[in-house]
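Shown next, in structure tokens, is the structure this report addresses.
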Amino acid sequence: MGLGTRALSTAGGMIASASLAVFSAGPVWAQDLMGQPTDRGLGLQPAASPLKHEAIWFHDVILMPVIVGICLLVLGLLAWIVFRYNAKANPTPAKWSHNTAVEIIWTVLPVMILVGISLFSFRLLFAYHDMPTPDMTVKATGNQWNWGYEYPDQGVAEYISNMLPEDEARAQNVPYRLAVDEPIVVPVGKTVRVLVTASDVIHSFALPAFGLKTDAVPGRVNETWFRAERTGIFYGQCSELCGVDHAFMPIQINVVTEAEFAAWVVSRGGSMTPATAAEAPGGTAAQVAANAPAATDAATPVADTGAAAATALASSPTAPAASTAPAAGAPAAQ
């Protein structure tokens with residue numbers, strides 16, 4: 001064996017050893033953390049809800065093969081053109097300006113690829129919009145620069161969630177710029193409807209582990225949903241550039257058991273028993289009010305309606321004691 005052959009063999013062995021070490025260390029690098037970013041992670045965050053499972057499948061099974069195939073095809077075409085049609089290999093250039101067959105191929109093939117992707121893309125999009133009957137509702141309002149959360153079904157008034165200062169985050173051993181002082185708390189296994197809006201500029205409610213990313217637009221309420229599959233703490237952030245402190249608007253969702261959620265609701269002054277049918281899961285008081293007949297400007301019909309309603313409630317054997325109060329819009333008793 002010659003010196004050159006031994007050198008090549010040694011170099012090949014070193015490359016093989018290095019490659020083996022890299023691939024052996026790969027699983028350590030790819031040990032993704034649940035609910036938060038992973039240092040040197042290569043893939044998407046692990047899924048903790050049905051929507052994120054479908055999004056990961058769409059990314060890994062549909063998009064990635066198409067992306068890799070197109071990149072390899074373009075790379076191969078470039079290499080072929082560079083080596084086959086350079087000045088040395090092709091001293092006499094061709095005189096033609098176009099090729100009809102090639103133009104048809106590079107027009108029809110991308111269209112077919114996009115149509116194939118769209119079939120799976122629409123399926124995922126429909127899954128996001130086909131929300132099951134929600135078990136509860138959380139309203140998230142983006143502010144410059146924090147989030148406000150409200151639980152209309154449980155009667156929990158809006159509270160403000162701010163990012164933990166660095167010293168507090170380090171002391172609690174939680175991720176700085178992701179952990180907050182007042183997180184969202186939801187029970188595991190329940191379908192949670194999230195109503196997203198903003199009070200000033202456009203924000204975006206994004207939490208990767210649940211596959212959530214919904215714009216918070218002032219004067220508009222957008223809707224999304226998730227169902228957490230496991231308990232734990234999950235982090236997200238505002239993902240729409242909203243001002244100088246955009247990077248200081250983290251989102252934290254604590255997924256707990258139903259008993260822990262009930263205790264948290266009580267600690268917030270709420271109740272797990274909706275006060276009225278309008279506050280039952282799947283429907284809020286605002287929705288019921290929107291479906292109610294509009295009140296007229298005439299004082300007499302409104303008063304008559306209120307009096308009739310009060311009489312009916314008073315005569316009902318199941319009516320609560322407070323049901324004799326005048327209806328909204330009716331004149332108070334003198």
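The values are calculated or read from the model by the stated rules, or taken from the named source; none is laboratory data. These numbers were taken from a predicted model, which means no experiment stands behind them. Cβ atoms come from the backbone with ideal geometry, glycine included; neighbour counts cover every protein chain shown. Keep in mind that these areas ignore ligands, DNA and RNA; they rest on the heavy atoms of the full protein, side chains included. Shrake-Rupley method; radii C 1.70, N 1.55, O 1.52, S 1.80 Å.
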Exercise for the section: Quick one: which strands (runs of 3 or more DSSP E) lie wholly within segment 87-177 and hold at least 1 residues that are modelled with pLDDT of 95 or more and open to solvent by 80 Å² or more (accessible area, probe 1.4 Å)? Expected result: 156-161
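Yes or no, residue by residue, for (1) among the aliphatic types (A, V, I, L, M); (2) under 30 Å from Leu63 (Cβ atoms):
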position: Gly76; (1), (2): no, yes
position: His98; (1), (2): no, no
position: Ala101; (1), (2): yes, yes
position: Leu109; (1), (2): yes, yes
position: Ile113; (1), (2): yes, yes
Exercise for the section: Name the strands (runs of 3 or more DSSP E) wholly inside segment 201-276 in which the number of residues that are touching a residue at least 40 places away in the same chain (Cβ under 8 Å) and open to solvent by less than 30 Å² (accessible area, probe 1.4 Å) is 3 or more. Expected result: 203-207, 222-227, 232-238, 250-256
Fill in the blank from the handout: Considering segment 28-64, residues that are acidic (Asp, Glu) and free of Cβ contacts under 8 Å to residues at least 60 places away in the same chain, and then whichever is surrounded by the most Cβ atoms within 10 Å (Cβ to Cβ), we arrive at Asp32
